[in-house]
C-alpha cells in the first residue's frame, strides 16, 4: 500500500476522533431538579434557555408533597430540589439524618390565613375550626401567624417548634387541626379558616395579597432555596443553576407575574 493511502487513512481516523471529541463535548449536562408545580417549576422553566447556553439541560420533576423531594435528593434520584424554605430544610435534614444544604436563596412566599365563611377575622365564631399545615416547621410558622393575628397566644419561648399543644391562650376556643399542606385549599368550604402556604394557594386560585385575611410581612425569614447534597454544593453545573436562579430574569419574572405575592430573596 502506498504512503498516500496510509496518510489519508490516518487523517480520516484523526478527523473521526476529533469529531467524536467535539460531539462528546457538545453533549449537555443533565440536571434533574425536583420542584413544586407553582411557582417553583414555573420559575425553573424560565431559566431553561439561560442554562441551555451554558450547556445544561434542565429536567424538572414535579412533586405534590413536602417529603419525597428531599428523600429523592438524598438517594441520588435528583441533583437538586427547589420547593422549601430554610427552616423546613434544616428540620427535615435533622429529623431524617440527611446531609443536605442550600446554595441559593430565591424567593419568599408569604403564608396567609384564608376563609370562605368570613371576610374579616373579627367575624370568626367561637369554637371555629382552623386548619394548619401538619409538617413541623410550617405548623409552627402557621401558629406564629395566628398569634400575630391575635387569635391565639403561644407558650413563651416555643417559637418555630410550636404545635397546637403549645397554645396557651385561646379566647375563642378555636379548634386548631393540622392537615397535610397540599390538602388545605380543598378544605376551605368545610372549615372556618385555613392557613395556607402560597405555593398551594396559587394553584387553588387564591391570591395572597387579595384573598388572605391576614398575611406574613415581607420581612419573613422563610426564603425558598435551591437544595443540594452537601457533597455537591461546589458542583459547577449546580453553581450555574444557582446563579441562574439569582439572575435578573428570575427577579423580573417574579415582579411581573406575582406582583408582591411572591418576592425575590436576592
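The values are calculated or read from the model by the stated rules, or taken from the named source; none is laboratory data. Because the structure is a prediction, the values reported are computed rather than measured. Note that each Cβ is placed from the backbone with ideal geometry, even for glycine, and that neighbours are counted across all protein chains shown.
Residue 223 meets the conditions (1) under 25 Å from residue 111 (Cβ atoms); (2) surrounded by 21 or more Cβ atoms within 10 Å (Cβ to Cβ) in every case but one. The failed one is (2). When the residues of the stretch 70-87 are filtered to those that are touching a residue at least 60 places away in the same chain (Cβ under 8 Å) and buried (at least 22 other Cβ atoms within 10 Å of the Cβ), the one that is nearest to the chain's Cα centre (by Cα) is 83. Scanning the stretch 249-266 for residues that are assigned to a helix (DSSP H, G or I) and either without any contact (Cβ under 8 Å) to a residue 60 or more places away in the chain or surrounded by fewer than 19 Cβ atoms within 10 Å (Cβ to Cβ) (or both) yields 249, 251, 252, 255, 256, 257.
Which residue is surrounded by the most Cβ atoms within 10 Å (Cβ to Cβ), if the candidates are limited to the stretch 204-214 and must be over 19 Å from residue 88 (Cβ atoms) and touching a residue at least 24 places away in the same chain (Cβ under 8 Å)? Ranking the candidates gives 212 first.
Selection of the stretch 45-69 for residues being in contact (Cβ under 8 Å) with a residue 60 or more places away in the chain and within 20 Å of residue 262 (Cα to Cα) yields 46, 47, 64, 65, 66.
Quick check on the stretch 20-28. Is at least one of its residues at pLDDT 95 or above, in contact with a helix residue (DSSP H, G or I) (Cβ under 8 Å, 6 or more places away or on another chain) and either under 26 Å from residue 246 (Cβ atoms) or not assigned by TED's automatic domain parsing to the domain that holds residue 207 (or both)?
Of the residues in the stretch 20-28, the ones at pLDDT 95 or above are none.
Scanning the stretch 20-28 turns up no residue that is at pLDDT 95 or above, in contact with a helix residue (DSSP H, G or I) (Cβ under 8 Å, 6 or more places away or on another chain) and either under 26 Å from residue 246 (Cβ atoms) or not assigned by TED's automatic domain parsing to the domain that holds residue 207 (or both).
Could you list all residues from the stretch 115-130 that are loosely packed, with under 12 Cβ neighbours inside 10 Å and either closer than 12 Å to residue 190 by Cβ or touching a residue at least 24 places away in the same chain (Cβ under 8 Å) (or both)? Write out each step before concluding.
Kept after step one, since they are loosely packed, with under 12 Cβ neighbours inside 10 Å, are these residues of the stretch 115-130: 119-120, 122, 126-127.
The answer is 119, 120, 126, 127.
Among the residues of the stretch 160-175, those that are loosely packed, with under 12 Cβ neighbours inside 10 Å and not in a strand (DSSP E or B) comprise 165, 171, 173. Can you pull out every residue in the stretch 232-248 that is in contact with a strand residue (DSSP E or B) (Cβ under 8 Å, 6 or more places away or on another chain) and outside any helix (DSSP H, G or I)? Across the stretch 232-248, the qualifying residues are 233, 235, 246. Can you find a residue that is assigned to a helix (DSSP H, G or I), more than 24 Å from residue 101 (Cα to Cα) and at pLDDT 95 or above anywhere in the stretch 211-230? Taking every residue of the stretch 211-230 in turn, at least one turns out to be assigned to a helix (DSSP H, G or I), more than 24 Å from residue 101 (Cα to Cα) and at pLDDT 95 or above. From the list 135, 192, the one residue that fits, being touching a residue at least 24 places away in the same chain (Cβ under 8 Å) and within 23 Å of the chain's Cα centre (by Cα), is 135. For residue 145, the conditions (1) at pLDDT 95 or above; (2) closer than 30 Å to residue 243 by Cβ; (3) in a helix (DSSP H, G or I) are fulfilled apart from (2). Out of 121, 146, 100, one residue alone is assigned by TED's automatic domain parsing to the domain that holds residue 165 and under 20 Å from residue 222 (Cα atoms). It is 146. Name the single residue that is surrounded by the most Cβ atoms within 10 Å (Cβ to Cβ) among those in the stretch 140-154 being in contact with a helix residue (DSSP H, G or I) (Cβ under 8 Å, 6 or more places away or on another chain) and within 19 Å of residue 165 (Cβ to Cβ). Of everything passing the filter in the stretch 140-154, 143 is surrounded by the most Cβ atoms within 10 Å (Cβ to Cβ).
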